[in-house]
Structure formats: C-alpha cells, structure tokens
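Structure, as structure tokens:
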Amino acid sequence: MLTGPVPQPGILDIAPYVPGKSSVEGAARVHKLSSNESPLGPSPAAAAAHRSLADQLHLYPDGSAVGLRLALAARYGLNAANIVCGAGSDELLSLLARAYLGPGDEAIYSQFGFLLYPIAIKTSSAKPVVAPEIEHTANVDEIIKCVSKRTRMVFLANPNNPTGTYMAIDEVRRLHAALPEECLLVLDAAYAEYVRRNDYEAGIELVATTPNVVMTRTFSKAYGLAGLRLGWAYCPPAVADTLNRIRGPFNVSLPAIAAGIAAVEDTDHLQDAITHNDTWLPWLECELTALGLDVTPSVGNFLLVHFGNEPGCTAYDADAFLSARGLILRRLDAYGLPDALRLSIGAEEANKAVLAALKEFLQKAA
Ligand SMILES: *Cc1c(COP(=O)(O)O)cnc(C)c1O
C-alpha cells in the first residue's frame, strides 16, 4: 500500500468543477455561449486602467483594496468597512465555508443550485444537504424543512445558475426569519444587475439589518470582467472581520483593483450590457419557445433549454449538432439536468446563429 498525505474528510468526495467548453475542433467561427460571459466585453475604461499598471507589476497591491471598496460603497450606498473583495466571488464563497463550517456541520443548498456550493461545503468536511426545487426554482418551505440543529449555512444563488430562476425578496426574508441566528444565509447575487423584476432585491437591506446574512457580487458577469477574477461580499461587521482574518493579505491584484474601480464608475457600459440583455433574452426565449422547445423563464443572462429523450432529439444530440457548427453551450449533467442545455445570451450574430441552428436541428430530428 502506498502511503502519503491524506486530505481532510470529504475532500476526495468532491467532483472537480468542470468549466464550460471554450473551443471546438474544426469549426471556423466559434461562439462561446457556455459561461455567461458578457458579449459586450469589459468597459474600455476598465481595460485602460488595467493596461496602465502593466509596468508596476513589481508592486504589491493595497491589501485592503480600499479604493475599490469606496467606489462600490459610493455606487451602491454601502458602508465600505463592511465590504470584502476577493479573487472572484468564488473565493469569497469558499472563504465563508472555510470560516463557518467544520466536521459535523450541515449546509443547505437547493437542488439545481450553483455547483461551487457542494465543493466549498465538502472542503470544510461539512455535510451538504440538498433542498428539492419546484419547477426549477428554489423553494423556501423545502429549504426550511432541511434545517436541523447542525445547520450552519444556507447558500442561495439568487438568481440561480444554471436555471435562471429567482426568489422574490419577501420569500428571502421569510427564509431568513426561519433560520436560527447562528446560521449564515449567503445570498449569491452574481446576476443581480440583470434582474428586471419589482419583487427582486439582491439583499443589501437584509445584510445591513441582520447579523447573519451575506451578499456576494461579482465583476464576472454584467461587468464583463470574468478573466480578471474580481468579486466582493457585503457583510455584517463580524463576518467582514472574520473574512479579513482568513483571506490572503493581497488576494486581489493591483490591476484588478484599478480595473474594478473604473468599471464601477463606468455606469454607461454596465447599462449597455443590461440593455443588450433586455433585448436578446426575451427575443431568444420567445423564438426558442416558438420552435417548440421548453425554456425555463430566466431573469439572468442565460436560458435553460430543455430537450426530450427521443433518440436523435436529446440535449446530447443538440449539443453535438451545435458544437459542430461552432456553437458552444453548457451541458448540465453535473447538475442533474442531462436533458437540458444552458445558453448564454451572446452578441446578435451568435444569438441568431443559435436560433437558426436549433431550427435546423429540430427539422432534421422530426
Ligand atoms: C458566475 C457565478 C459566480 C461568479 O463567480 P466569480 O468567481 O465571481 O467569477 C458566482 N455565483 C454564481 C451562481 C455564478 O453563476
């Protein structure tokens, strides 16, 4: 028997996260619609700020990212002291799990919730508890049923990826009210900028008025800066203090801080990304539905498209057909949704190409 270092309990149960594909062999023109990236790209001001630091890479960044926190605080009406920045919101979600979960603890997420949650939970040797969803939507009563005296965290992606569905703020409040105070409710609002619903809030007020709610946000989606790796959390003071103790002292890079500040201040570019989505999300939803496809209503920048199980007409077949034409969507087997594909809203050309290809696929399969 070989011996060697043994990871903590739970870690070898983790199925490694498999990102969406980004290339296909042989296709001339590739449209990557598998990672919910912004078709508009980054703010030109953010890109310029990033470039302007190219010859200062020998310098450490400001470890507390105070400039970025102040910009976020001004933009969203927050207390900068309660903001913690991270290398993507992924880092902050993982740090929260590391700080508040251990062996014997339980953490809840919903059935089709973001796959990072079980990874973060198992990394802390805690037990993931999965609450069933109803119509691909997280359900407060089902989550509450899963609460035990061992529950220490609830992760809720709102809106959720990969389903695109959301929970109204009144329901989030009802969920919070049912949780014990020692249980942390994590509201992952990665797609908040895109949501156009009067009954939606990302959770800022809940964070500001309770000791046990954290909201995470990202620059990866509507801000178009996924490659930069930048996210932030709005926290109760004690949670911010905890994260600041365990995060890397320089966890956000020098160019990332500068680009983030410029991006927050470029409200026009963000608005352009939202306006683009407001045009093409409903257009694709409507056109795909007209083709006879079952599409889950989405408030994000992507659509969950369901396929049947008839041979030749499955999600697997559709994925192969689209891939061969350079159209990359996200397969969702790992989410327990093998019959569906997730389609990110792309540029006009990409959206039209997907529609045309799916029309052809369905005609061939019929
Ligand atoms: C994309 C995404 C994130 C953001 O991850 P980053 O690490 O900030 O790039 C977080 N949560 C959900 C649900 C997402 O889809």
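The values are calculated or read from the model by the stated rules, or taken from the named source; none is laboratory data. Values in this document were obtained by computation on a predicted structure and should not be read as measured data. Here the Cβ is made from the backbone with ideal geometry for all residues, glycine too, and neighbour counts use every protein chain on show. With ligands, DNA and RNA removed, areas are computed over all heavy atoms of the protein, side chains included. Shrake-Rupley method; radii C 1.70, N 1.55, O 1.52, S 1.80 Å.
Summary of values
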item: Listed residue (VAL252, ALA356, THR3) projecting farthest to the positive dipole end of the chain, Cβ model; result: THR3
item: P(r) tail fraction, the chain - alpha-carbon pairs more than 30 Å apart, %; result: 40
item: Separation between Cα centres of the range 229-257 and the range 345-366, rounded to whole Å; result: 41
item: Residue pairs, from the table LYS122/LYS145; LYS21/LYS145; LYS221/LYS352, whose Cα atoms sit over 29 Å apart; result: LYS21/LYS145
item: Choice from GLY308, GLY326, GLY88 with maximal GNM fluctuation in the chain (Cα, 10 Å cutoff); result: GLY308
item: Distance histogram in 5 Å bins (all Cα pairs of the range 81-165, percent per bin); result: 3, 16, 25, 23, 19, 11, 3, 0
item: Point-to-point label distance, ALA27-LYS364, nm (Cα→Cβ direction, 7 Å offset); result: 1.3
item: Kyte-Doolittle at least -0.5, axis length at least 20 Å by Cα - qualifying DSSP helices, the chain; result: 267-290, 348-365
item: Phi-based couplings in Hz for the range 299-310 (Karplus 6.51, -1.76, 1.60; Gly and Pro marked x); result: 10, x, 10, 7, 10, 9, 10, 9, 10, x, 10, 5
item: Long-range amide H partners of LEU327 with built H, under 5 Å; result: HIS31
item: Under-5 Å amide H pairs with VAL154, H placed in peptide plane, nonlocal only; result: ILE108, LEU184, LEU185, VAL186
item: For the range 248-316: span of alpha carbons on each principal axis (Å, largest first); result: 53, 30, 15
item: Of LEU270, ALA318, GLY41, farthest towards positive along the dipole that unit charges on Lys, Arg, Asp, Glu beta carbons give the chain; result: GLY41
item: Carbon plus sulfur fraction of accessible area for the chain, probe 1.4 Å, in percent; result: 55
item: Å² of accessible area per residue within the chain, as computed with a 1.4 Å probe and no ligands counted; result: 44
item: Only Lys, Arg (+1) and Asp, Glu (-1) charged, at Cβ; the chain dipole about Cα centre in debye; result: 740
